[in-house]
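Throughout, read-outs are computed from the coordinates displayed, never taken from laboratory work. What you are looking at is a predicted structure, and each value in this text was computed from that prediction instead of being measured. Methodologically, a virtual Cβ is constructed for each residue, glycine included, from the backbone with ideal geometry; neighbour enumeration extends over all protein chains shown.
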Amino acid sequence: MGVAFNILGCIFLYGKSKYFPKSLDGIGKIFKKNTVYTRIMGYGLLTISMLFFTNASDIATGLILFAVTTFLVLSTMVIALPIHKNFIYAFAFFLITIPLIQILF
């Protein structure tokens, strides 16, 4: 669950950036129009993600896992999203499958 909230928070924060891909302009306009709400949602989701990671393990280990996951998600988004807009569907697929895998196992 922490990974899913981390991906969502990073999408919200990257969506308000001026480097957000033009191929995803429909989503980007919504994010850029409501910058305050986008920022609140992004940081809120990242905080919830950090709480999930620290709750699953110790505080120090959870913070390290949160930092590594955040760096991985942001670097993947910066590299993959400008290539083609279908990669956003891959992120949505992961957002759906990660909680299902955690619930089933």
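Just a few scattered comments:
- Each residue of the range 48-56 is assigned a 3J(HN,Hα), and the resulting list reads 4, 4, 5, 5, 4, 5, 6, 6, 6 Hz, derived from the Karplus form 6.51 cos²θ - 1.76 cosθ + 1.60 (θ = phi - 60°), x at Gly and Pro.
- Close Lys pairs in the chain (alpha-carbon distance under 12 Å; sequence gap of 8 or more, or different chains): 6.
- FRET E, pair I59, Q102, Förster distance 25 Å, beta-carbon r, rounded to 0.05: 0.75
- Estimated 222 nm signal from helices in the chain, with DSSP H stretches of n ≥ 4 weighted -39500 (n - 2.57), rounded to 500: -27000 deg cm²/dmol
- Projected label points at L72 and T35, each 7 Å from Cα along the beta carbon direction, are separated by 3.2 nanometres.
- Protection proxy ranking of 31-39, 96-104, 5-13, 49-57, by the mean of other Cβ atoms within 10 Å over each peptide's residues and highest first, is 5-13, 49-57, 31-39, 96-104.
- Anisotropy class of the range 19-83 from Cα gyration tensor, a/c 1.5 cut: oblate
- Listed values for the range 57-69 are Karplus-derived 3J(HN,Hα) couplings in whole Hz (6.51 cos²θ - 1.76 cosθ + 1.60, θ = phi - 60°), namely 9, 5, 5, 5, 5, x, 5, 5, 4, 5, 5, 5, 5, and x replaces Gly and Pro.
- Between the helical axis of 87-104 and the longest alpha-carbon principal axis of the chain there is an angle of about 20 degrees.
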